[in-house]
Every structure is written in structure tokens, then in C-alpha cells.
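Student: Take this structure, written in C-alpha cells, and hold onto it; I'll ask about it next.
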Amino acid sequence: MKMKKTPLNDCYTVHPTKFEDARGIFFEAYQKERFDNALGANINFVQDNCSVSKQGVLRGLHFQSGEFAQAKLVQVLKGEVLDVIVDLRKGSATFGEHFKIRLSEENGIAIFIPRGMAHGFVTLSNEALFYYKCDNYYKATAEAGIIYSDKTLNIDWEYPHEKMVLSNKDRCLSTFEELFL
């Protein structure tokens, strides 16, 4: 496993070592000791989540606030998504900046997202199986989000807006300015 810094402080891509032969592919998706050593921190994941999304489904930009903030390790097990992370930590040198990357079953890349960041993705393939670990339990009252089309963040989702499928909740999220400026 190799971890590489992203342009956002404390956010890393995780590249597994793949073993491929005539039978298929094997890779270790997560191993706590190696992960913690590479990160230089002790992360205790307590909840795993999985979503299946059809093409064009956009989930996000979500985060949990306060004591219920979550660090996440996210990856795609089937299909492909454009994954987007936004730094919401006011004291961070990368506050208000975003990073995006394509995650797919082919590239096997995962992303470690520290607490204090918003996260979202749009499904690019016909269907995507998205799997992630969280270091804090979900709490509905701490749930928050930023609208995907926020003018301040100006994210290019690389997918036609008119073809995106969003939940009613995600259509009504606040802007970055309303929440942080």
C-alpha cells in the first residue's frame, strides 16, 4: 500500500498493491497497522457503509459537524465515480479548496478523508458500488451539506447537470457562503 498526499492538507490517496494472475486480481483493501503507520496516526474505524448508485446519481456534498465529525476511507468496488472532497476546516491552509479524483474498480484507489471535510461523488458508470469506513458513528442531527452546484466552490463534476439524479435533501443543501463565510 502506498499513500500519496493530495492538494488538501491531511487528505491522502491510498494505492493498493495488486496481485494479478489468470484467476483474477487480489489486493489488500485495508490493513490497520500499515494504514496507521503510513498516515502517522491511529484511526479507529467504527462503522462501514455501502451504497449502490445508478449512472448520474450525485451524493453530496455531505459532512457531519462538531463532535460527530467523521474521518472516512472511501473506495469503489464496482464501477466508476468522480469523487470530490472539500476542506471545511477554517484553520487549514486549504480551507475552501476542493480535490477531485476518479475512483474505480480498475484503479483500486481509495481516499482517506480527515474529519472536517465535505465529501460527495457522481456515478460515471452504469452502476457503482461505493464502500467506506468511518471513524465515528452517524448522527442524524449532526448531518450537514453543501449544494453540489455551489458558485463559490465552482466544482466541475465532469457530468451534465441536467442528467444528474439527486435526492430531495441534496437539492436543498446550503451554500458554502451560508455555512462558512
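The values are calculated or read from the model by the stated rules, or taken from the named source; none is laboratory data. Remember, predicted model here, so these are calculated numbers, not experimental data. Cβ: placed from backbone, ideal geometry, glycine included. Neighbour counts: every protein chain shown.
Student: Would you check which residues across the range 57-98 are under 21 Å from residue 135 (Cβ atoms) and among the acidic types (Asp, Glu) and list them?
Tutor: 67, 83, 87
Student: Does residue 80 fit the bill of being over 22 Å from residue 14 (Cα atoms) and acidic (Asp, Glu)?
Tutor: Against the criterion (over 22 Å from residue 14 (Cα atoms) and acidic (Asp, Glu)), residue 80 does not qualify.
Student: Another one. What are the pairs with Cβ atoms under 7 angstrom where one residue, in the range 146-157, is surrounded by fewer than 16 Cβ atoms within 10 Å (Cβ to Cβ) and the other, located anywhere, is modelled with pLDDT of 95 or more? Sequence gap at least six, or different chains.
Tutor: Cβ pairs passing all conditions: 152/175; 152/176; 152/177.
Student: Still on this structure, I have one more. Give the residue, chosen from 78, 100, that is basic (Lys, Arg) and farther than 28 Å from residue 176 by Cβ.
Tutor: Result of the check over 78, 100: 78.
Student: Something else now. Looking at the range 93-102, which of the residues that are outside any loop (DSSP other than H, G, I, E, B) and not aliphatic (A, V, I, L, M) is surrounded by the fewest Cβ atoms within 10 Å (Cβ to Cβ)?
Tutor: Here the residue is 102.
Student: Here is a follow-up. What residue, of 110, 71, is closer than 21 Å to residue 2 by Cα, in contact (Cβ under 8 Å) with a residue 24 or more places away in the chain, surrounded by 19 or more Cβ atoms within 10 Å (Cβ to Cβ) and in contact with a Leu (Cβ under 8 Å, 6 or more places away or on another chain)?
Tutor: 110
The rows are residues; the columns are (1) in contact with a Pro (Cβ under 9 Å, 6 or more places away or on another chain); (2) in a strand (DSSP E or B); (3) farther than 28 Å from residue 127 by Cα; (4) modelled with pLDDT of 95 or more.
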| residue | (1), (2), (3), (4) |
| --- | --- |
| 25 | no, yes, no, no |
| 42 | no, no, yes, yes |
| 48 | no, yes, no, yes |
| 62 | no, yes, no, yes |
| 82 | no, yes, no, yes |
| 85 | no, yes, no, yes |
| 89 | yes, no, yes, yes |
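Student: Kindly check whether there is at least one residue in the range 131-139 that is touching a Leu at 6+ places or on another chain (Cβ under 9 Å), surrounded by 16 or more Cβ atoms within 10 Å (Cβ to Cβ), more than 25 Å from residue 174 (Cα to Cα) and basic (Lys, Arg).
Tutor: For the range 131-139, residues touching a Leu at 6+ places or on another chain (Cβ under 9 Å), surrounded by 16 or more Cβ atoms within 10 Å (Cβ to Cβ), more than 25 Å from residue 174 (Cα to Cα) and basic (Lys, Arg): present.
Student: Quick one: in the range 8-23, which of the residues that are surrounded by 12 or more Cβ atoms within 10 Å (Cβ to Cβ) and assigned to a loop (DSSP other than H, G, I, E, B) is nearest to the chain's Cα centre (by Cα)?
Tutor: Selected residue: 11.
Student: Return the residue satisfying two criteria in turn: it lies in the range 47-56 and is surrounded by 12 or more Cβ atoms within 10 Å (Cβ to Cβ) and out of contact with any helix residue (DSSP H, G or I) (no Cβ under 8 Å at 6 or more places or on another chain), and of such residues it is nearest to residue 159 (Cα to Cα).
Tutor: Of everything passing the filter in the range 47-56, 55 is nearest to residue 159 (Cα to Cα).
Student: So if I check each of 90, 78, which one is touching an Asp or Glu at 6+ places or on another chain (Cβ under 6 Å), exposed (fewer than 15 other Cβ atoms within 10 Å of the Cβ) and not β-branched (Val, Ile, Thr)?
Tutor: From the options 90, 78, the qualifying one is 78.
Student: Would the range 29-39 turn up any residue that is under 18 Å from residue 117 (Cβ atoms), in contact with a Phe, Trp or Tyr (Cβ under 6 Å, 6 or more places away or on another chain) and surrounded by fewer than 19 Cβ atoms within 10 Å (Cβ to Cβ)?
Tutor: no
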